[in-house]
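Okay, structure first, notes after.
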Amino acid sequence: MRRRLAAGNWKMNGGLASLGEIDALAAAHPAPRSEVVICPPATLLVPARDRARGTPLRLGGQDCHAEPAGAHTGDISAAMLKEAGAAYVILGHSERRGDHGETGELVRAKATAAQAEGLTAIVCVGEQLSEREAANTLDIIGGQMSASIPDGSTGHNLVVAYEPVWAIGTGRTPTPDQIGEVHDFMRARLERRFGAGVGRSVRLLYGGSVRAGNAETIFAVSNVDGALVGGASLTAAEFAPIVSALEAAAG
(Lines give C-alpha, C1' and ligand atoms only; values in the text may rest on other atoms or scores of the structure.)
Protein backbone atom coordinates (compact mmCIF):
# COMPACT_ATOMS: atom_id res chain seq x y z
CA MET A 1 0.00 0.00 0.00
CA ARG A 2 1.28 3.46 -0.91
CA ARG A 3 1.12 5.91 1.99
CA ARG A 4 -0.55 9.09 0.84
CA LEU A 5 1.52 12.27 0.83
CA ALA A 6 0.77 15.97 1.13
CA ALA A 7 3.82 18.12 0.39
CA GLY A 8 3.79 21.88 0.84
CA ASN A 9 6.15 23.96 -1.31
CA TRP A 10 6.63 27.38 0.28
CA LYS A 11 8.77 28.52 -2.68
CA MET A 12 10.50 31.88 -2.00
CA ASN A 13 8.12 32.83 0.78
CA GLY A 14 8.28 32.98 4.55
CA GLY A 15 10.57 34.04 7.35
CA LEU A 16 11.10 33.12 10.96
CA ALA A 17 7.63 34.40 11.82
CA SER A 18 6.16 31.83 9.43
CA LEU A 19 7.37 28.92 11.55
CA GLY A 20 4.30 29.25 13.75
CA GLU A 21 2.40 27.68 10.85
CA ILE A 22 4.30 24.45 11.51
CA ASP A 23 3.06 24.47 15.11
CA ALA A 24 -0.49 25.08 13.94
CA LEU A 25 -0.36 22.35 11.28
CA ALA A 26 1.04 19.84 13.76
CA ALA A 27 -1.70 20.74 16.22
CA ALA A 28 -4.36 20.28 13.53
CA HIS A 29 -2.97 16.87 12.51
CA PRO A 30 -1.09 15.39 15.48
CA ALA A 31 -1.23 11.82 14.17
CA PRO A 32 -1.96 11.77 10.43
CA ARG A 33 -2.15 8.47 8.57
CA SER A 34 -0.82 10.31 5.53
CA GLU A 35 2.68 11.72 5.31
CA VAL A 36 2.86 15.51 5.59
CA VAL A 37 5.94 17.35 4.35
CA ILE A 38 6.80 21.05 4.43
CA CYS A 39 9.43 22.39 2.02
CA PRO A 40 10.43 25.85 3.26
CA PRO A 41 13.21 28.07 1.90
CA ALA A 42 16.65 26.68 2.74
CA THR A 43 17.23 29.46 5.28
CA LEU A 44 14.36 28.09 7.37
CA LEU A 45 15.20 24.39 7.30
CA VAL A 46 17.16 24.25 10.56
CA PRO A 47 14.68 26.29 12.63
CA ALA A 48 11.82 24.39 10.97
CA ARG A 49 13.51 21.14 11.99
CA ASP A 50 13.58 22.34 15.57
CA ARG A 51 9.91 23.33 15.46
CA ALA A 52 8.83 20.04 13.87
CA ARG A 53 10.81 17.87 16.30
CA GLY A 54 8.45 15.56 18.17
CA THR A 55 5.71 15.93 15.54
CA PRO A 56 4.92 13.67 12.57
CA LEU A 57 5.73 16.48 10.11
CA ARG A 58 8.70 15.99 7.80
CA LEU A 59 10.75 18.54 5.90
CA GLY A 60 12.10 18.89 2.39
CA GLY A 61 14.28 21.18 0.32
CA GLN A 62 13.24 22.94 -2.85
CA ASP A 63 16.30 22.11 -4.96
CA CYS A 64 19.83 20.73 -4.69
CA HIS A 65 23.01 20.67 -6.75
CA ALA A 66 24.08 17.55 -8.61
CA GLU A 67 27.56 17.66 -7.06
CA PRO A 68 28.24 16.79 -3.42
CA ALA A 69 30.51 19.83 -2.87
CA GLY A 70 32.65 22.32 -4.73
CA ALA A 71 32.90 25.81 -6.19
CA HIS A 72 29.18 26.36 -6.78
CA THR A 73 28.42 29.73 -5.23
CA GLY A 74 24.86 30.05 -3.98
CA ASP A 75 24.02 26.38 -4.42
CA ILE A 76 23.21 23.77 -1.79
CA SER A 77 24.05 20.07 -1.86
CA ALA A 78 21.86 17.12 -1.00
CA ALA A 79 24.11 16.36 1.97
CA MET A 80 23.61 19.88 3.28
CA LEU A 81 19.84 19.52 3.01
CA LYS A 82 19.94 16.23 4.86
CA GLU A 83 22.12 17.67 7.63
CA ALA A 84 19.69 20.58 7.97
CA GLY A 85 16.80 18.19 8.57
CA ALA A 86 15.35 17.45 5.12
CA ALA A 87 14.06 14.03 4.16
CA TYR A 88 12.76 15.11 0.73
CA VAL A 89 13.77 17.50 -2.03
CA ILE A 90 11.68 18.92 -4.87
CA LEU A 91 13.46 18.68 -8.23
CA GLY A 92 12.58 19.75 -11.75
CA HIS A 93 9.76 22.07 -10.74
CA SER A 94 8.48 23.99 -13.75
CA GLU A 95 9.72 27.21 -12.17
CA ARG A 96 13.24 25.75 -12.08
CA ARG A 97 12.92 24.40 -15.62
CA GLY A 98 11.53 27.71 -16.86
CA ASP A 99 13.42 30.31 -14.81
CA HIS A 100 16.76 28.48 -14.76
CA GLY A 101 16.64 26.46 -17.97
CA GLU A 102 16.96 23.12 -16.20
CA THR A 103 16.92 20.14 -18.54
CA GLY A 104 15.68 16.66 -17.83
CA GLU A 105 19.27 15.44 -17.78
CA LEU A 106 20.19 17.97 -15.08
CA VAL A 107 17.14 17.02 -13.05
CA ARG A 108 18.17 13.38 -13.29
CA ALA A 109 21.68 14.22 -12.06
CA LYS A 110 20.22 16.14 -9.11
CA ALA A 111 17.81 13.31 -8.30
CA THR A 112 20.66 10.81 -8.42
CA ALA A 113 22.64 12.95 -5.97
CA ALA A 114 19.63 13.31 -3.68
CA GLN A 115 18.92 9.58 -3.65
CA ALA A 116 22.58 8.82 -2.94
CA GLU A 117 22.27 10.91 0.25
CA GLY A 118 19.15 9.10 1.35
CA LEU A 119 16.72 11.84 0.34
CA THR A 120 13.47 11.12 -1.48
CA ALA A 121 13.38 13.06 -4.75
CA ILE A 122 10.04 14.62 -5.70
CA VAL A 123 10.53 14.88 -9.46
CA CYS A 124 8.11 17.28 -11.14
CA VAL A 125 6.76 16.98 -14.67
CA GLY A 126 4.15 19.01 -16.53
CA GLU A 127 3.08 20.51 -19.83
CA GLN A 128 2.64 24.09 -21.04
CA LEU A 129 -0.81 25.28 -22.12
CA SER A 130 0.24 25.27 -25.79
CA GLU A 131 1.30 21.63 -25.43
CA ARG A 132 -2.02 20.72 -23.81
CA GLU A 133 -3.96 22.46 -26.57
CA ALA A 134 -1.88 20.65 -29.21
CA ALA A 135 -2.78 17.32 -27.59
CA ASN A 136 0.88 16.66 -26.81
CA THR A 137 0.52 16.27 -23.06
CA LEU A 138 1.36 12.58 -22.77
CA ASP A 139 4.34 12.88 -25.12
CA ILE A 140 5.71 15.74 -23.01
CA ILE A 141 5.14 13.91 -19.73
CA GLY A 142 6.67 10.70 -21.05
CA GLY A 143 9.75 12.52 -22.32
CA GLN A 144 10.24 14.37 -19.05
CA MET A 145 9.91 11.17 -17.05
CA SER A 146 12.42 9.31 -19.23
CA ALA A 147 14.96 12.13 -19.01
CA SER A 148 14.48 13.16 -15.38
CA ILE A 149 14.02 9.94 -13.36
CA PRO A 150 17.19 8.02 -12.44
CA ASP A 151 17.69 4.33 -13.01
CA GLY A 152 17.44 2.42 -9.75
CA SER A 153 14.61 4.57 -8.43
CA THR A 154 12.20 2.92 -6.01
CA GLY A 155 9.07 3.76 -4.07
CA HIS A 156 11.33 4.75 -1.17
CA ASN A 157 13.48 7.31 -2.97
CA LEU A 158 11.19 8.64 -5.70
CA VAL A 159 7.91 10.54 -5.85
CA VAL A 160 6.62 11.92 -9.15
CA ALA A 161 4.50 15.07 -9.16
CA TYR A 162 2.37 16.06 -12.14
CA GLU A 163 2.04 19.82 -12.26
CA PRO A 164 0.48 21.21 -15.44
CA VAL A 165 2.35 24.48 -15.86
CA TRP A 166 -0.77 26.31 -16.97
CA ALA A 167 -2.55 25.46 -13.71
CA ILE A 168 0.16 26.50 -11.22
CA GLY A 169 -0.96 29.56 -9.30
CA THR A 170 -3.64 30.42 -11.87
CA GLY A 171 -6.69 28.99 -10.15
CA ARG A 172 -7.26 26.81 -13.20
CA THR A 173 -7.39 23.06 -12.65
CA PRO A 174 -7.59 20.20 -15.18
CA THR A 175 -10.74 18.12 -15.10
CA PRO A 176 -10.65 14.90 -13.07
CA ASP A 177 -10.59 12.97 -16.35
CA GLN A 178 -7.56 14.95 -17.55
CA ILE A 179 -5.73 14.39 -14.26
CA GLY A 180 -6.62 10.70 -14.29
CA GLU A 181 -5.40 10.26 -17.85
CA VAL A 182 -1.97 11.64 -16.96
CA HIS A 183 -1.65 9.77 -13.65
CA ASP A 184 -2.69 6.47 -15.21
CA PHE A 185 -0.17 7.08 -17.99
CA MET A 186 2.60 7.83 -15.47
CA ARG A 187 1.79 4.67 -13.51
CA ALA A 188 1.97 2.58 -16.67
CA ARG A 189 5.29 4.17 -17.67
CA LEU A 190 6.81 3.46 -14.26
CA GLU A 191 5.62 -0.15 -14.31
CA ARG A 192 7.00 -0.66 -17.80
CA ARG A 193 10.38 0.82 -16.90
CA PHE A 194 10.92 -0.53 -13.38
CA GLY A 195 8.61 -3.53 -13.22
CA ALA A 196 5.19 -3.85 -11.65
CA GLY A 197 6.39 -4.00 -8.05
CA VAL A 198 8.46 -0.82 -8.10
CA GLY A 199 6.17 0.93 -10.55
CA ARG A 200 3.19 0.46 -8.27
CA SER A 201 5.11 1.59 -5.19
CA VAL A 202 6.05 5.07 -6.42
CA ARG A 203 3.67 7.73 -5.19
CA LEU A 204 2.15 10.08 -7.76
CA LEU A 205 1.16 13.57 -6.64
CA TYR A 206 -0.97 16.16 -8.36
CA GLY A 207 -0.01 19.84 -8.13
CA GLY A 208 -1.48 22.95 -9.67
CA SER A 209 -3.89 25.23 -7.78
CA VAL A 210 -4.78 22.58 -5.21
CA ARG A 211 -6.94 24.06 -2.48
CA ALA A 212 -9.45 22.95 0.11
CA GLY A 213 -12.35 23.43 -2.28
CA ASN A 214 -11.10 21.01 -4.94
CA ALA A 215 -8.90 18.63 -2.93
CA GLU A 216 -11.59 16.02 -2.30
CA THR A 217 -12.37 15.75 -6.01
CA ILE A 218 -8.70 15.52 -6.97
CA PHE A 219 -7.90 12.87 -4.35
CA ALA A 220 -10.69 10.66 -5.68
CA VAL A 221 -8.97 10.40 -9.08
CA SER A 222 -7.26 7.17 -10.10
CA ASN A 223 -3.56 6.95 -9.17
CA VAL A 224 -3.50 10.28 -7.31
CA ASP A 225 -1.64 9.52 -4.08
CA GLY A 226 -1.58 13.07 -2.76
CA ALA A 227 -0.64 16.60 -3.71
CA LEU A 228 2.25 18.99 -4.09
CA VAL A 229 0.71 22.21 -2.83
CA GLY A 230 2.06 25.70 -3.44
CA GLY A 231 0.37 28.84 -2.16
CA ALA A 232 -2.22 27.00 -0.09
CA SER A 233 0.55 25.40 1.99
CA LEU A 234 1.80 28.71 3.38
CA THR A 235 -0.71 28.75 6.21
CA ALA A 236 -2.06 25.96 8.36
CA ALA A 237 -5.55 27.39 7.93
CA GLU A 238 -5.40 26.59 4.20
CA PHE A 239 -3.16 23.53 4.23
CA ALA A 240 -4.76 21.61 7.10
CA PRO A 241 -8.10 21.14 5.26
CA ILE A 242 -6.21 19.72 2.26
CA VAL A 243 -4.52 17.23 4.56
CA SER A 244 -7.95 16.43 6.04
CA ALA A 245 -9.30 15.72 2.56
CA LEU A 246 -6.36 13.42 1.91
CA GLU A 247 -6.98 11.60 5.19
CA ALA A 248 -10.61 11.11 4.22
CA ALA A 249 -9.62 9.76 0.82
CA ALA A 250 -7.30 7.25 2.48
CA GLY A 251 -10.34 5.69 4.12
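The values are calculated or read from the model by the stated rules, or taken from the named source; none is laboratory data. Keep in mind that this is a model prediction, so the values were computed, not measured. Here Cβ is always computed from backbone atoms with ideal geometry, including for glycine, and neighbour counts include all displayed protein chains.
Summary table
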{"item": "Only one of 199, 171 that is assigned to a loop (DSSP other than H, G, I, E, B) and either free of Cβ contacts under 8 Å to residues at least 12 places away in the same chain or over 17 Å from the mean Cα position of the chain (by Cα) (or both)", "result": "171"}
{"item": "Residue that is farthest from residue 154 (Cα to Cα) [pool: residues in segment 90-126 that are part of a loop (DSSP other than H, G, I, E, B) and in contact with a Leu (Cβ under 9 Å, 6 or more places away or on another chain)]", "result": "102"}
{"item": "Any hit, segment 158-165, residues being at pLDDT below 95 and either in a helix (DSSP H, G or I) or of a type outside the set (D, E, K, R) (or both)", "result": "yes"}
{"item": "Residue satisfying all of: in segment 226-244; touching a Leu at 6+ places or on another chain (Cβ under 8 Å) and surrounded by 24 or more Cβ atoms within 10 Å (Cβ to Cβ); nearest to residue 22 (Cα to Cα) among these", "result": "239"}
{"item": "Residue satisfying condition, being within 27 Å of residue 22 (Cα to Cα), surrounded by fewer than 22 Cβ atoms within 10 Å (Cβ to Cβ) and modelled with pLDDT of 95 or more, within set 170, 217", "result": "217"}
{"item": "Test: residue in segment 73-85 that is out of contact with any His (no Cβ under 9 Å at 6 or more places or on another chain), in a loop (DSSP other than H, G, I, E, B) and either without any contact (Cβ under 8 Å) to a residue 40 or more places away in the chain or closer than 30 Å to residue 195 by Cα (or both)", "result": "yes"}
{"item": "Segment 144-167: number of residues that are free of Cβ contacts under 8 Å to residues at least 60 places away in the same chain and surrounded by 15 or more Cβ atoms within 10 Å (Cβ to Cβ)", "result": "14"}
{"item": "Residue satisfying all of: in segment 78-98; more than 12 Å from residue 115 (Cα to Cα) and among the small types (Gly, Ala, Ser); nearest to the chain's Cα centre (by Cα) among these", "result": "92"}
{"item": "Residue within segment 54-67 that is part of a helix (DSSP H, G or I), of a type in the set (Lys, Arg) and modelled with pLDDT of 95 or more present", "result": "no"}
{"item": "Residue identified as in contact (Cβ under 8 Å) with a residue 12 or more places away in the chain, over 14 Å from the mean Cα position of the chain (by Cα), under 24 Å from residue 111 (Cα atoms) and in a helix (DSSP H, G or I) among 49, 2", "result": "49"}
{"item": "Exclusive hit being in contact with a His (Cβ under 6 Å, 6 or more places away or on another chain) and free of Cβ contacts under 8 Å to residues at least 60 places away in the same chain, set 190, 204", "result": "204"}
{"item": "Unmet criterion (only one of (1) closer than 22 Å to residue 11 by Cβ; (2) in contact with a helix residue (DSSP H, G or I) (Cβ under 7 Å, 6 or more places away or on another chain)) for residue 145", "result": "(1)"}
{"item": "Of all residues in segment 173-210 being modelled with pLDDT of 95 or more and in contact with an Asp or Glu (Cβ under 7 Å, 6 or more places away or on another chain), the one that is farthest from residue 35 (Cα to Cα)", "result": "199"}
{"item": "Some residue of segment 13-36 being within 25 Å of residue 112 (Cβ to Cβ), touching a residue at least 60 places away in the same chain (Cβ under 8 Å), crowded, with 23+ Cβ neighbours inside 10 Å and among the hydrophobic types (A, V, I, L, M, F, W, C)", "result": "no"}
{"item": "Top-ranked residue in segment 37-54 [being buried (at least 16 other Cβ atoms within 10 Å of the Cβ) and of a type in the set (Val, Ile, Thr); ranked as farthest from residue 204 (Cα to Cα)]", "result": "38"}
